[in-house]
Structures are given as structure tokens and as C-alpha cells.
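Heads up: the structure comes next, in C-alpha cells.
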Amino acid sequence: MRLGIFMMPLHPPHRDPAHTLQEDREAILFADRLGYHDAFVGEHLTDQCENVTNSFIFLATLIDATKTIRLATGTSNLSQSHPVLIAAHAAMFDHLAKGRFIFGVSPRALASVAEALGMLNEDRNKLFAEAIDVILQIWERDPPYEIDLPGN
């Protein structure tokens, strides 16, 4: 059996984000020392209690500080970013992490995120499905990509 950790780091809104982010890092460092297989970290842009706004950036601070634990986005919300950027960020992260990366994805974002990004009325499940197709096609071939999707 392999043990893992999934974190949607929640903290009281009055706490200093610099301190809580450090505490969240320490939890993963401890999991690595205990021999955990993986650590998934979620992200939210607008939740005042969840201060990880980008799991790639947060997890990047752990690459050299950990030894064996696999670092995972838990999840990258594909509906809120351009799929080409996500494909590039995930590929770069995998190279930096030397294969200790797990790419976790999801279609949803909080309603407050969707509102802030001007996409509250968008079909985020459709955006997710299209993003997965684009990401996989980018990883499977060389440019020019000429990805044929409706509205692309």
C-alpha cells in the first residue's frame, strides 16, 4: 500500500498567508520524511481561507526540498487557464521535478473564481474537455499544431 496526502489547505482568514504557506510546505516535507508516495495540493484564486492560488508555484518550492515524494497538482482547474499555458507549465514542472510530478486536473472552479475571470456563464465542463484535448495534442506532436476544435 502507498500512502499519499491531499491538501486543500484551509486556514482562518485572519492568519498571515506567509506563515500558513510555510506550514503547508512543512506538512509535505514531513510527509516526504515519513515515506509518503505523493502529495496533491489544490488551488483556488478567490477563497480567502485557501491561500494556494497556483499549485505549480507552491509545489515548485518543494522540488529540491523533498527527496522521493511525488508532487501533484490537486487539481489544476483547466477551465480557468488557457490550455497551451497549462500544457507548457505541466511539462516544465515535470522536467524540473525529474519525473516526480503527477498532473491532477479538474473542470471546475469556484463560482467566485468564474465570476472574477468573467466566465460565470461559460460551460466549464466543455472548456475542460476541450482543454484536455488541446493539452494531449500539444504533447503528442510538434508545431504547427493546427488543433481543430470548434471555436479554436
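The values are calculated or read from the model by the stated rules, or taken from the named source; none is laboratory data. Just so it is clear, the structure is predicted and the values come from calculations on it, not from any experiment. No Cβ is skipped: glycine too gets one built from the backbone with ideal geometry, and neighbour counts run over all protein chains shown. Protein only, heavy atoms only, side chains kept; ligands, DNA and RNA dropped before computing areas. Shrake-Rupley method; radii C 1.70, N 1.55, O 1.52, S 1.80 Å.
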> What distance in nm separates the simple spin-label points at Cys49 and Leu136, each placed 7 Å from Cα in the Cβ direction?
Replying inline: 3.6 nm
> How far is it, in nm, from the label point at Ile102 to the one at Leu120 when both lie 7 Å from their Cα along the line to the Cβ?
Replying inline: 3.5 nm
>> Suppose a student asked you for the relative contact order of the chain, using Cα pairs under 8 Å spaced at least 6 residues apart; what percent would you report?
In response: 20 percent
> List the trypsin sites (Lys or Arg not before Pro) in region 62-152 that DSSP assigns to loop (not H, G, I, E or B) and whose Cβ has at most 13 other Cβ atoms within 10 Å. Which are they?
Replying inline: Lys67, Lys98, Arg141
> Given 0.36 nm per residue, what is the gain on full extension from His19 to Leu85 after removing their alpha carbon distance, in nm?
Replying inline: 20.8 nm
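Output the DSSP H helices from the chain with an along-axis C-alpha extent of no less than 15 Å and a mean Kyte-Doolittle hydropathy no less than -0.5.
Details: long enough: 17-33 (24 Å, -0.69); 83-96 (19 Å, 1.19); 124-140 (24 Å, 0.29).
In the chain, the long hydrophobic H runs are 83-96, 124-140.
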> Using heavy-atom solvent-accessible surface (probe 1.4 Å) with all chains present, what is the largest-first order of Asp32, Asp47, Asp123?
Replying inline: Asp123, Asp47, Asp32
